Structures are given as C-alpha cells and as structure tokens.
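Read through the structure below, which is laid out as structure tokens, and then see the notes.
Each value in this text was obtained by applying a stated rule to the coordinates, not by laboratory testing. Quantities reported herein were computed from a predicted structural model and do not represent experimental measurements. So basically every Cβ, Gly included, is an ideal-geometry build from the backbone, and we count neighbours across all protein chains shown.
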Amino acid sequence: MKNFLDLQATELCLDVVVNGQATKNYLYDHLTFDTDQIVTVDEIEILPKYTYLAINGKLHIDQPFYMWYHQVSGQGWLLKPCQG
Amino acid sequence: MSLKQNFCPSPWFHMRINNAGHYEYCRWAVKDQRYSANSIHNTTPVEFFQQHMTPVRQQLLAGELPPGCAECTQMEQHGKVSGRQRQLLKVGVRLEQFEKTMASSPWVKEFAQGGTTTQMPQDWQIDLGNYCNGACVFCGPNSSSRLAAEFKKIGIVSETPPPNWTDDPVLVQQLIDTLVASDHIQYLHFIGGETLITPAFKIILEALIDAGLNRTATIGFTTNLGVWRDDVVELLKQFQGVNLGMSVESFKIINDYVRYPVCLPTMFETIDRWLKIGKHHQWLMQFRVTPTALTVGHMLGVYEYAWHHNVAVESCNFLSKPEFLRPAVLPQEYRQHIVAELQTWIDQHPVSSDVVVNTRNPTVARQQIVQDLQSYLNYLRAEPDQSWRLPDLVQYLKQLEASRGNSILTYLPEYEELFRSAGY
C-alpha cells in the first residue's frame, strides 16, 4: 500500500470469531456479543476478557471496533476533528 | 515508498512555535529541516497550520517521507517508540493493524481532503524562549541564555540568538488569543529555556485559567530541577491534567558536569518536591533523559530510581546535535561494558514484551522504562562508530572547562585514556 489513495481503494473488514465460527463484518459495524461466548476480533481477545463491560449479559460495541478497542485497551487520548 | 512506513497524522492536529517565534510542523522534526521562514512576527498560527503545512500533509498522504521526519525513522530502526507512533496513536492508529485502524480513525475523512484542512491545532509545542539558569553541555544558545552568554564570551559564537518571541507581550497575547479561540485544545507542551522562570509561562497559564481551558486542557512541561516556583505550581494545580518532565542525566556526579551548574543535592531535593505534589494531584511524571557520550554509561541509576518509584523515563530522540556528543561517538570497546550493564539490568527487570506506544499510561511505566532502555541498548549495539568526532568533543570540552574551571576527568576518570588520545 503505497499511499492514502490505495488505502481508500482497499476493502477492509473485521475477522470475527464467535465460539470457533468465523464471520466477516464491516469495519464500522456495531457489534453485540453474549457474555457466554468466546469472541476474538482480528485475533484480539474480546470475550471473556471484556466481560466486565457487558450489560445484562451482552457486550455492545456501539462504535467502530477499533475506536472502541483504543479506549478499552488503555491507549490514551483519541483526538477527534472539530466538526464546526 | 509505503504509507505504513511513512505516514504520520501529526500535521493534521499539531504544530510548534520555536524559541525565536518561527513555526515548525512537528516537535520531533530534524532541526535542520524544520525551519520555516514563517513566524509569529509575520504569519498567524492558524494561517501557518492550515496553509503552509499543506505540502507536508500532501507528502505524507503520498506515502513519502519528508526530510524532517528522519529522526522518527531512526528511532523506529532501534526499537524506540517514535514521535510518529505516538501521534498515530492519538488518532487511534497502530502499526500492528495499520490499514484497519487507519480506516477506522475519526480522522479518515480529514485525511481524504488531500492535505488541506480547516482544523485548528489541538496539540501544541510552545517553546517559550531561551531564558535559562542552566548551561547543560549538550544544549545550545537557542535554548539557554546562560550558555549563549558563555559561548559568546569564550568565542564559540559571535552573536547571541535573536530575542525570544515571548519577550513581546503583543505576540504572547496573539498566541493566547489563538489558543482560546481553538475548539479542541487537548495538550500544550511547554519547553524553554527553563519553563518555570520564563515569565510567559505564567502569563499563558493564567490566561488559560481565565478562559476556562484549565478544565479541559492538559499542560506538559519540562523543568531542569534547578529552580522552584510556588506561584507557578499553584497555577498548575488548577489544570485537569499535568505532564511533568524532570530533566536528569544521571544520579552520579557526572550529572553536575553535564547539567552545569545544577548540582545533585539541589536536584534530589527538587525531585522529591515534585514527586510529592505530582502524586497528590495525580500528575503524570516522567524523567526526561538526553543520553550523550558522557552519560550513556552512567544513566542506569535513573532507570533504577524510576522503577522503584513507578515513574517513567523517556528520552525524546537519539541526540543528533551537537554531533560530537552523540552516544555513537563512543568506540565499540567503550560501549561493551555499557551494553553488558544495560543487558543485565533489563534481564533482572522482566516485563511484558508488548510494545508500549502510549508512554503516558502510568500503569505501564515499568514496561516503558525497560522499553526505553532497550532502545539505547539496541542503539549502542548497532549504531556505527563515530569516534572520529572525539577530537571535536575534546576541543569543545576544553573550551567550556577553561570558562568553568572544571575537568571532565574529575567526573569520568575511566575515559582519561580515550580523551587523551583525542587531544585532551
């Protein structure tokens, strides 16, 4: 990938594995898992590691996965552009 | 040419103003390459950021490496977390999942603008001028007024630097107005000179508090541990976040020579005061080291102390100037025992091997300490011998010592043969 145009032209997705079953999701999909599932996303452990973030037995990832993961994995500031 | 190897988001949210008031596109940029004719005397900060930094942004989008970015490349070659990696992380991008995290970044639509932007800087480095009580041997006239006067007196320079931009209250107010008008100021990092005794530091802090920015902005600054100002400390306590950098090279006597004229007892006393206040207010505290040929063999004590106090150690980059003070000036035979010592220490302090990019996360301070030290171990092992610069080092030290009445051999007797062979 030589430049940003190449990145824009590339279709990227998440490799989600739930209880051994592999699926693909769009990068920006919101994801929901039951806390009794074993889940990895792009080989990153999500459940049971982040069970403590679940509500009523479900873990809701209601923003693009990597933005959520940045926050829950303690990566510090996530700056956002000003929309004004 | 590779986007993953070269791309950096920093010019979309960061800029710097240097001691003379000239704007620079990055706090990590190579000194020779970061100079801009644009300064606060002739261009507004926003104009520089939005217009004059466009070519750098375009280069980065094209996957090219601007010449000013070479120091980050060197850091990554030696396994040191680079400024680029830190800035990538601030927009949610990590090298181990580069494409996917880039595409997921909140900034991806900004990157898609082709290098143009209407954003304002959110992350500033503000160099306040060279007003300083210290005269560190690796510093220069642009960053130390005391050294500037000494260099002129002993003939190393013929002229002292131009006046600090912060000497002009109109310009200071112009910067304050820009900061206050910005929507998303996240981080302001101040350096000097010595920040604590530079009048503009206090003036800017007061103005930020008056504008309410202390509730959202984090203040970062570096201090030389040779001064203390209660009034400035009281202002800092009012900010929601403070990142304190304490400059130190060694806990051995060589520190007195290198960080002249600050001496160890004063330094220890000041460290103690900062640690007490910083812990009470939950500030992020770091020791900031600038390893040189004179200190790289005596810096382990700082890492050991930091380990026991759970305070991170961070060096900005591998020293490039003055060239004769680079750690690589040490010949291989002088590096061997340093390498062995560093390796032994690292072996005795096991931590996770995960790379810590967020070096401001206090929960991984120890991991970060080992990581930083490992980068110097890698550097000493791999960086080609530059001992041909030794005569320049010796000549420089002799000039300084004639002025200061000291001798490097008092502090580093083990280097006598080396320095004698280079003309000492």
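Using only the alpha-carbon atoms of chain B, report the extent along each of the three principal axes, biggest first, to the nearest angstrom.
59, 46, 43
Relative to the first principal axis of the alpha-carbon coordinates of chain B, what is the inclination of helix B:300-309, with its axis defined by its Cα atoms, in degrees from 0 to 90 and to the nearest 10?
50
Divide, for region B:238-391, the radius of gyration over alpha carbons by 2.2 N^0.38 Å, where N is the residue count. Present the calculation step by step, with values, prior to reporting the outcome.
Values: Rg = 15.8 Å, N = 154, 2.2 N^0.38 = 14.9 Å.
Normalised Cα radius of gyration, region B:238-391: 1.06.
Would you kindly calculate the mean projected area, averaged across all directions, of the convex hull enclosing the Cα atoms of region B:126-186, in square nanometres?
So the mean shadow area of the Cα hull is 5.3 nm².
Using the reciprocal of the averaged 1/r over all distinct C-alpha pairs, how large is the Kirkwood radius of region B:289-347 in Å? Numbers along the way, then the final one.
Values: mean 1/r = 0.0812 Å⁻¹.
So the Kirkwood estimate lands at 12.3 Å.
If R₀ is 22 angstrom, what is the calculated FRET efficiency for the pair B:SER353 and B:LEU95, using the beta carbon separation as r and rounding to 0.05? Let's see the in-between values first.
Working: r = 15 Å, r/R0 = 0.70.
Between B:SER353 and B:LEU95 the formula returns 0.90.
Can you tell me the 0 to 90 degree angle between the C-alpha axis of helix B:332-348 and the longest principal axis of chain B, rounded to 10?
Helix B:332-348 sits at roughly 60 degrees to that axis.
Could you please state, rounded to a whole Å, how far the C-alpha centre of region B:128-206 is from the C-alpha centre of region A:1-72?
46
Where in region B:190-231 are there trypsin sites (Lys or Arg not before Pro) that are in a DSSP coil and have at most 16 other Cβ atoms within 10 angstrom of their Cβ?
B:ARG229
So what are the ³J(HN,Hα) numbers for region A:35-40, from phi and the Karplus equation (6.51, -1.76, 1.60; θ = phi - 60°), rounded to whole Hz, Gly and Pro as x?
Once θ is set to phi - 60°, the couplings for region A:35-40 become 6, 8, 8, 9, 10, 10 Hz.
Which of rounded, prolate, oblate describes region B:62-194, given a ≥ b ≥ c as roots of the alpha-carbon gyration tensor eigenvalues and a/c under 1.5 marking rounded, otherwise prolate only if a/b is larger than b/c?
Working: a/c = 2.85, a/b = 1.61, b/c = 1.77.
Oblate, since a/c reaches 1.5 and b/c is not below a/b.
For chain B, what is the mean residue ellipticity at 222 nm derived from helices alone (per DSSP H run of n ≥ 4: -39500 (n - 2.57); sum divided by total residues; nearest 500 deg cm²/dmol)? Walk me through the numbers before you get to the answer.
Numbers: 18 runs with 173 residues, N = 424.
One gets -12000 deg cm²/dmol as the mean residue ellipticity at 222 nm.
With a cut-off of at most 16 other beta carbons within 10 Å, and DSSP calling the residue loop, which GluC sites (Glu not before Pro) in chain A qualify? Please list them.
A:GLU11, A:GLU43
Using per-residue counts of other Cβ atoms within 10 Å, averaged over each peptide, order B:282-292, B:146-156, A:20-30, B:318-328 from highest down. Don't skip to the end; give the middle numbers.
Working: B:282-292: 21.5, B:146-156: 16.5, A:20-30: 11.5, B:318-328: 18.7.
Ranked from most to least packed, the peptides come out as B:282-292, B:318-328, B:146-156, A:20-30.
Out of all Cα-Cα pairs in chain A, roughly what percent, to the nearest whole number, are more than 17 Å apart? The partial results should precede the final answer.
On the way: 1915 of 3486 pairs.
When every Cα pair of chain A is considered, 55 percent fall beyond 17 Å.
Which FRET efficiency value, to the nearest 0.05, is calculated for A:TYR26 and B:SER320 with the Förster distance at 35 angstrom and r the Cβ-Cβ distance?
0.20
What's the percent breakdown of Cα-Cα distances in region B:336-424 across 10 Å bins, shortest bin first?
For region B:336-424, the binned pair fractions read 14, 30, 26, 23, 7 percent.
Quick check: Cα centre of region B:72-100 to Cα centre of region B:250-328, how many Å?
Going from one Cα centre to the other spans 24 Å.
Taking only Cα atoms, what is the 0 to 90° angle, nearest 10, from helix B:169-181's long axis to the longest principal axis of chain B?
It works out to around 60 degrees.
Please compute the volume of the convex hull spanned by the alpha-carbon atoms of the protein assembly as shown and report it per residue in Å³.
On the way: hull volume 79.7 nm³, N = 508.
About 157 Å³ per residue, rounded to a whole number.
Quickly estimate the mean residue ellipticity at 222 nm for chain A, helices only: each DSSP H run with n ≥ 4 gives -39500 (n - 2.57), and the total goes over all residues, rounded to 500. Each step should come with its number before you reach the end.
Numbers: 2 runs with 13 residues, N = 84.
Mean residue ellipticity, 222 nm, calculated: -3500 deg cm²/dmol.
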